[in-house]
1. For segment 176-191, give me the residue count where each residue is among the hydroxyl-bearing types (Ser, Thr, Tyr) and open to solvent by less than 10 Å² (accessible area, probe 1.4 Å).
2. What are the residues in segment 37-54 that are exposed (fewer than 14 other Cβ atoms within 10 Å of the Cβ) and in contact with an Asp or Glu (Cβ under 8 Å, 6 or more places away or on another chain), if any?
3. Restricting to segment 176-233, what's the tally of residues that are of a type in the set (Val, Ile, Thr), farther than 11 Å from Val29 by Cα and part of a helix (DSSP H, G or I)?
4. Open to solvent by less than 30 Å² (accessible area, probe 1.4 Å), more than 16 Å from the ligand (Cβ to nearest atom) and either within 13 Å of the chain's Cα centre (by Cα) or touching a residue at least 60 places away in the same chain (Cβ under 8 Å) (or both): is that true of Ile73 in this structure?
5. Report yes if His8 is touching a strand residue (DSSP E or B) at 6+ places or on another chain (Cβ under 9 Å), more than 7 Å from the ligand (Cβ to nearest atom), in contact (Cβ under 8 Å) with a residue 60 or more places away in the chain and in a strand (DSSP E or B), otherwise no.
6. Only one of (1) out of contact with any helix residue (DSSP H, G or I) (no Cβ under 8 Å at 6 or more places or on another chain); (2) touching a residue at least 40 places away in the same chain (Cβ under 8 Å) is not met by Pro193, so which one is it?
7. May I ask you to verify whether Ser215 is at pLDDT 95 or above, surrounded by fewer than 20 Cβ atoms within 10 Å (Cβ to Cβ) and either under 19 Å from Gln139 (Cβ atoms) or more than 16 Å from the ligand (Cβ to nearest atom) (or both)?
8. Quick check on Ile47: is it away from the ligand (no atom under 16 Å from the Cβ) and either under 17 Å from the mean Cα position of the chain (by Cα) or modelled with pLDDT of 95 or more (or both)?
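The values are calculated or read from the model by the stated rules, or taken from the named source; none is laboratory data. On a predicted model such as this, the values are computed, not experimentally measured, just so you know. Positions of Cβ are generated from backbone atoms using ideal geometry, with glycine treated the same way; all protein chains shown enter the neighbour counts. Note: accessible area is taken over every heavy atom of the protein model, side chains too, but ligands, DNA and RNA are not part of it. Shrake-Rupley method; radii C 1.70, N 1.55, O 1.52, S 1.80 Å.
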Amino acid sequence: MLSVEDIHTFYGESHALQGVSLEIGEGEVVCLLGRNGAGKSTTLKSIVGLTPPARGRVRFEQREIQRMATYRISRLGIALVPEDRRIFAGLTVKENLEVADQAGRGAGKRWTIEGVLEAYPMLAELRDQDGATLSGGQQQMLAIVRALMTEPRLLLMDEPNEGLAPVIVQQIGELLDELAQTTTILFSDQSVPFALKHATRAYILEKGQVAWSGSTREMRDDPSIQERYLSVA
Ligand code: ATP
């Protein structure tokens with residue numbers, strides 16, 4: 001479904017991604033792991049054109065998208081839930097969903113505002129509350145559900161658990177498992193246990209390169225992989 005081939009992404013002179021390649025098949029749940037600054041966010045942003053790669057290719061369902069504008073990539077069916085969640089303050093929960101609804105693909109939509117509020121009663125309870133007043137976990141739920149409004153076939157999530165309490169992380173995990181029934185997912189995380197629980201494959205980034213890739217089962221069975229690439233030694 002998605003093929004990232006040897007991409008190089010820069011911030012000015014800084015060479016953040018140095019030849020990252022990865023593949024995601026339809027229906028997979030894949031995790032991008034790596035320490036702070038390894039390049040996880042930049043990889044996700046490069047896929048959706050927010051930090052377009054200077055070299056390399058990104059293919060989504062056989063189309064090359066590395067030069068496409070973000071809104072066009074979104075229309076093809078890729079949504080990103082960004083690390084900072086981007087919930088609009090001054091807009092209610094319902095209005096935050098409406099913004100994405102208008103940006104969506106229109107014809108044949110599966111999700112309507114009322115439909116998602118019914119499916120996620122926690123958000124229905126908050127529907128008239130200002131986005132700025134939500135807790136971190138509520139904001140994350142809203143950010144994920146808002147991304148669904150664009151009807152993505154590939155959902156990218158950048159560190160969905162960052163800063164959240166364990167009980168909320170568990171809820172995010174349950175939501176992720178549920179979405180995985182119908183959507184292909186690539187998420188980044190620093191938490192290995194969460195990746196082991198919810199993803200079947202992982203890529204570990206280190207200094208802008210893929211240092212290891214394989215199944216999460218392999219990772220579970222071989223603690224040296226985590227020690228080598230992920231411990232904060
Ligand atoms: P984190 O967990 O901290 O978000 P990450 O793995 O997502 O880390 P990136 O945010 O992709 O890593 O950062 C990769 C590299 O690019 C780092 O060296 C970082 O300092 C640099 N970088 C990221 N954003 C910018 C920016 N806006 N301007 C300049 N350099 C940046």
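1. Looking only at that region, the number is 3.
2. none
3. 2
4. no
5. Spelling it out, it is not the case that His8 is touching a strand residue (DSSP E or B) at 6+ places or on another chain (Cβ under 9 Å), more than 7 Å from the ligand (Cβ to nearest atom), in contact (Cβ under 8 Å) with a residue 60 or more places away in the chain and in a strand (DSSP E or B).
6. With (1) out of contact with any helix residue (DSSP H, G or I) (no Cβ under 8 Å at 6 or more places or on another chain); (2) touching a residue at least 40 places away in the same chain (Cβ under 8 Å) applied to Pro193, the lone miss is (2).
7. yes
8. no
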